[in-house]
Amino acid sequence: MRGTATMPSSSSTSSWQKLCEHAGLSEYEAKVYVSLVKKGACKARKLSMMCGVPRTKIYGVLKKLIERGLVIEMPEEPRKFASTSPANAFEAYLQSYEEKARDLYVVVSSLESTYEKMKEAMRPQKEEIWVIQRRSEILKKVGEMLSRAERSVNIATTENGLILLCRECNKFLDKLTEKKDLKVEIAAPVIIHNQYTVQELRYVFEVKDVEIRPSTFFLCVDDHECLLANFIPDDSNTFSDKDMAIFSQNLILCSLISGLILKPKRDATPPPRDLSEIIPQGQT
């Protein structure tokens with residue numbers, strides 16, 4: 001009875017296909033090697049029938065596998081062939097893949113880190129904003145901020161706000177003069193009502209004569225914490241229950257409010273302080 005070729009199982013098929021894909025074996029080489037691993041040592045003729053490799057090709061395939069260290073020829077008659085240990089045979093391939101996988105992991109991890117930073121930067125930021133009520137509490141917070149200043153202090157307020165600041169926070173302002181690397185800039189309207197206060201401040205600080213929106217008080221310390229208050233009424237009294245302020249340590253918010261309040265408009269004409277500036281004498 002003539003022998004017939006044995007159909008390889010599904011697991012065998014998967015194995016030889018993976019060897020072709022990852023180990024660089026040809027289809028015949030992979031089928032022969034897998035058959036030897038599964039069936040053990042056998043003669044070339046039987047091996048040809050088991051794996052479906054033509055008899056005219058089987059010896060050439062075995063020779064190539066022997067050269068690659070995947071198959072050995074056993075010293076006996078009739079000649080038989082056996083597979084070598086898969087772990088030893090493919091150790092170099094596995095090490096190569098592990099190195100490639102590690103390199104790829106490093107690259108992917110780096111890209112993921114960059115991606116997360118980019119995504120976080122694009123995401124709308126949600127920060128806490130504290131609401132402070134009553135003038136006494138606002139001035140208390142102003143003193144705390146001034147005491148923490150290390151690099152810069154920017155203040156913008158009305159003429160009454162400037163008088164209130166100097167009277168209630170004078171000890172904190174004095175402390176600022178002891179810090180050599182600290183820069184203090186104050187913007188406020190300079191009028192007769194507060195000219196003496198301005199003169200005293202200008203001995204140690206830079207004070208700019210700037211029109212400020214009524215009832216506004218703004219303080220920014222070290223460019224990372226700011227307070228914006230609305231003094232109602234806009235006077236120099238210490239107490240008022242109607243005042244309200246917001247405090248934040250959000251860098252973007254500090255920069256935004258500073259730009260809106262402290263940056264003067266180019267070519268802007270300040271509003272007149274009395275009608276005589278715009279109405280010539282003799283006209284009504």
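Using the average count of surrounding beta-carbon atoms within 10 Å as a protection proxy, the listed peptides 186-195, 154-163 rank, highest first, as 154-163, 186-195.
Summing +1 for each Lys or Arg and -1 for each Asp or Glu, what net charge is found among the other residues whose Cβ lies under 13 Å from the Cβ of residue 202?
Numbers: positive: 208; negative: 185, 200, 206, 209.
Counting the neighbours of residue 202, the net charge comes to -3.
Between residue 239 and residue 148, the C-beta separation translates, for a Förster distance of 22 Å, into a calculated FRET efficiency of about 0.30. Pick the calculated log10 I(q)/I(0) by the Debye sum over Cα atoms at q = 0.12, 0.17 Å⁻¹ for this structure from (i) -0.69, -1.51; (ii) -0.78, -1.41; (iii) -0.86, -1.24? Structure-derived value, by its label: (iii). With K and R counted +1 and D and E -1, the other residues having a Cβ less than 15 Å from that of residue 22 yield a net charge of -3. Who wins for biggest fluctuation among 50, 244, 118 in a Gaussian network model of the chain, springs between alpha carbons below 10 Å? Of the options given, 50 has the highest mean-square fluctuation. Per residue, the chain reaches -14500 deg cm²/dmol at 222 nm when only DSSP H runs of four or more residues are counted, each adding -39500 (n - 2.57). Put simply, the Cα atoms of the range 82-170 extend 100, 26, 18 Å along their principal axes, the longest span coming first. Annotation for the range 18-46 versus the range 138-165: alpha-carbon center distance of 84 Å. Among 221, 53, 207, the largest mean-square fluctuation in a Gaussian network model of the chain (Cα springs under 10 Å) belongs to 53.
Cβ distances below 4.7 Å define possible disulfide partners, and in the chain the cysteines left without one are 20, 42, 51, 166, 169. How high is the relative contact order of the chain, in percent, counting Cα pairs under 8 Å that sit 6 or more residues apart? After rounding, I find 14 percent.
With the Cα gyration tensor of the range 12-86 in hand, convert its eigenvalues to equivalent ellipsoid semi-axes via √(5λ) and list them largest first in whole Å. Write down the numbers at each step before the final one.
Numbers: eigenvalues 66, 33, 25 Å².
Result for the range 12-86: semi-axes of 18, 13, 11 Å.
Around the amide H of residue 80, modelled in the peptide plane, lie the amide H atoms of 74, all under 5 Å away and 5 or more residues distant in sequence or on another chain. Between the residues 245, 44, 88, the greatest Cα displacement towards the positive end of the dipole of the chain, with unit charges on the Cβ of Lys, Arg, Asp and Glu, is found for 44.
Summarising the overall dimensions of the range 129-262 from its C-alpha atoms, the Rg and Dmax are 13.4, 37 angstrom.
Taking the Cα centre of the chain as origin and charging only Cβ (+1 Lys, Arg; -1 Asp, Glu), how large is the dipole, in debye to the nearest 20? Intermediate values should be presented prior to the final figure.
Values: 41 positive and 39 negative charges, 576 e Å.
Dipole magnitude for the chain comes out near 2760 debye.
Work through the residues other than residue 148 whose Cβ is under 10 Å from its Cβ and net out their charges, Lys, Arg +1 and Asp, Glu -1. So the surrounding residues net to -4. Under the rule that an exposed site lies in a DSSP loop and has at most 14 other Cβ atoms within 10 Å, name the longest stretch of the chain with no chymotrypsin sites (Phe, Trp or Tyr not before Pro) of that kind, not counting the sites themselves. Longest run free of exposed loop sites: 1-202.
Laboratory data are not the source of any read-out in this text; all were calculated from the coordinates shown. Please read these numbers as outputs of a predicted model, since none were measured by experiment. In this analysis, Cβ positions are derived from the backbone assuming ideal geometry, glycine residues included, and neighbour counts consider all displayed protein chains.
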